[in-house]
Structures are given as C-alpha cells and as structure tokens.
Amino acid sequence: MARLPIVTRDMVPAEFQDAFDELTRDTGGTITGGPYSIAINSPEMARRRSSLTNYLRFESTFSKRIQELAILVTARNFDCPYIWNAHAPAARREGVADALVDAIRDRQPLPAMAADEQAIVNFCNEFYANHRISASTFQIALEQFGAQHLVEITALMGNYAQTAFFLNAFEVELPAERTEPVLPVS
C-alpha cells in the first residue's frame, strides 16, 4: 500500500468534492492505484493536471513511438518502476525495439537506433543529467521534431517527472499483474 490511504469522498473538503466526483466518475468513486491515487488527495490540482496529461498522451500529434520512448527514458532517469511497468509494453507495441527497451532498463550501452530515437534519447538524457540542452543536441531534436512537438515532448518529460515524484515519494506499489521485469533501481 502507498504511504497515503485511499481517498474517499467523505475525506475531501466540500469545496473540492465536485473535482473529486469528476475524477472518480468512471472508477466508482475511488482511485485505488497509480499516480492519481496520490494526486486525488488534492482533487482540484489533480483535475487540472489531468487535462494536460490527457492532451499530451492522447491528443498531441507527435509520434506515439517517440512519446513512449521519452516516457521510458524519464522512468529510467527517475528510477520509477511504476512508470516503467506501465509504459515498457506500450513502447514495444509502438515499435521501440526490444533491445533498446532492455538496454535502457538495464543501463547498458544502447543499440543502434533510428535518428528520431537517438535525438529524443540524447535530448532526454542530456536534460536529466545537466538540466540543460547543448546547442547541438537541441538543434538535432528541433530538426527531427519541429518546434511544436519538441515543446510538447519537453512538457511530456516534465509531466512524467512529476508523475515519478508522486509514485516514488508516496511509494505506490506496482500492480500484481505485469509483463515486464521490475525496473532495477539503485
């Protein structure tokens, strides 16, 4: 169990119950796992965060393969088994090679990859390591993705970094059913 109990409607102040109701409408009035089981402790923040997450994940037009790869690199950089477990299968389904997924997971040398994959892996890793992007790495990513998609990929990275903060800080447990080996963390 995570460090916080499952939130029920009666635990939420009256002024935030509408946001709680909106977020739990499809789940029967509670959220029992994942990052929203933590975020729901602040229903209005969770509601607002949900809009951005939904746009980045389901409405943005950038490549789902690159999106999933950026999420995996984020999960690895934040040692977040929950995100890894949720997105490694999706990355594989979207066409990220098994060898690349496995190498990222195990922190092994990366295999040869497509130019767009190399651009996003370098962009993500450089930002997480240095908190900045060099001019050359930025230019390569910009040429690969264009301004709109590069902005959205960067927002996706930040969104999943925040998700990792919730999941790791509050020790949200992995679901029992999973297809991926557990992400080794240091």
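For the reader, a short list of remarks on this structure follows.
- The chain: radius of gyration and largest Cα-Cα distance (Dmax), Å: 17.3, 54
- Rg/Rh (Cα only; Kirkwood hydrodynamic radius) as it applies to the stretch 34-90: 1.00
- R0 of 45 Å, Cβ-Cβ distance Ala14-Ser186: FRET efficiency to nearest 0.05: 0.55
- Of the trypsin sites (Lys or Arg not before Pro) in the stretch 1-44, the ones in a loop by DSSP (not H, G, I, E or B) with at most 13 other beta carbons within 10 Å are Arg3.
- Carbon-plus-sulfur accessible fraction, the stretch 88-186 (probe radius 1.4 Å, protein heavy atoms only): 56%.
- Here Phe58 and Thr32 are evaluated by their C-beta separation; at R0 = 25 Å the FRET efficiency comes out at 0.70.
- Using the Cβ-Cβ distance between Arg3 and Glu143 with R0 set to 45 Å, the FRET efficiency works out to roughly 0.55.
The values are calculated or read from the model by the stated rules, or taken from the named source; none is laboratory data. Values in this document were obtained by computation on a predicted structure and should not be read as measured data. When we count neighbours, we look across all protein chains shown, and the Cβ atoms used for this are built from the backbone with ideal geometry, even at glycine. The area values use the complete protein model at the heavy-atom level, side chains included, leaving out ligands, DNA and RNA. Shrake-Rupley method; radii C 1.70, N 1.55, O 1.52, S 1.80 Å.
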